[in-house]
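Shown next, in structure tokens, is the structure this report addresses.
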């Protein structure tokens, strides 16, 4: 492909980011993943993503990439009262899991959403990373959970929750008992009902910033809300995930000119 065509593709992708028209989820669809072989190790690992496909160039040249190291000493408080709250309205849904070869993803039925800055983002799915992708003050957690949402305009919002080794988590175990073991396998259980809110911390003070998907194509139309309070899961529960996915976390990216904001008050469940 010519350099001119590459530049045109990149400009088109950057334009889509600015307009917020990309509708990719945090985990690339199975069809897209099959088209371009990307992963977390070797020549398909994160340091090569931007070179694997012209559609992935933001992974290499983007200036608002995720994840980042969240330095609490340099965050700024949110002044706008409309911005400091994060309203969570999650409804129960039948359990629907997919092993997409990159993570375990739980697909969600329509009807659940978050609201922030007077914008509504509908919950599409949630999935897991090991170890955590974000760090806080240079330290990583055992795992990280991402709740992926999309607005009607096509903009994305992801709520991140840290998981740390501690007490056994019965809400997580409902999901763990149904994990598909094979890449591409999907398990649906109409009689098993879950509620994503059970995997959120009770105290919901958060850090927020403008970022990207943490997987290809690394689109930069994502608002991140990272919960400062983690939830506990047992070491055995962490080990069950790592048997399938020993390392599915993208390395830390540069903050560049971005500012990280903190909610002024802790929102209680």
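Coordinate-derived values only; no laboratory data. Source: prediction; values computed, not measured. Cβ coordinates were reconstructed from backbone atoms using ideal geometry, including for glycine residues, and neighbour counts include every protein chain displayed.
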Order of 174, 259 - criterion: other Cβ atoms within 10 Å of each residue's Cβ, fewest first
259, 174
Ranked 123, 97, criterion: other C-beta atoms within 10 Å, fewest first:
97, 123
Among 247, 142, 191, which comes first, then next, by fewest other beta-carbon atoms within 10 Å?
191, 247, 142
State, as an integer percentage, the relative contact order of the range 45-131 based on alpha-carbon contacts under 8 Å between residues 6 or more apart.
19 percent
Order the peptides 218-224, 232-238 from the highest to the lowest mean number of other Cβ atoms within 10 Å of their residues.
218-224, 232-238
For the range 3-262, divide the Cα radius of gyration by the Kirkwood radius and give the resulting Rg/Rh value with two decimals.
0.94
Over the range 3-262, what is the relative contact order in percent, taking alpha-carbon pairs closer than 8 angstrom and at least six residues apart?
26 percent
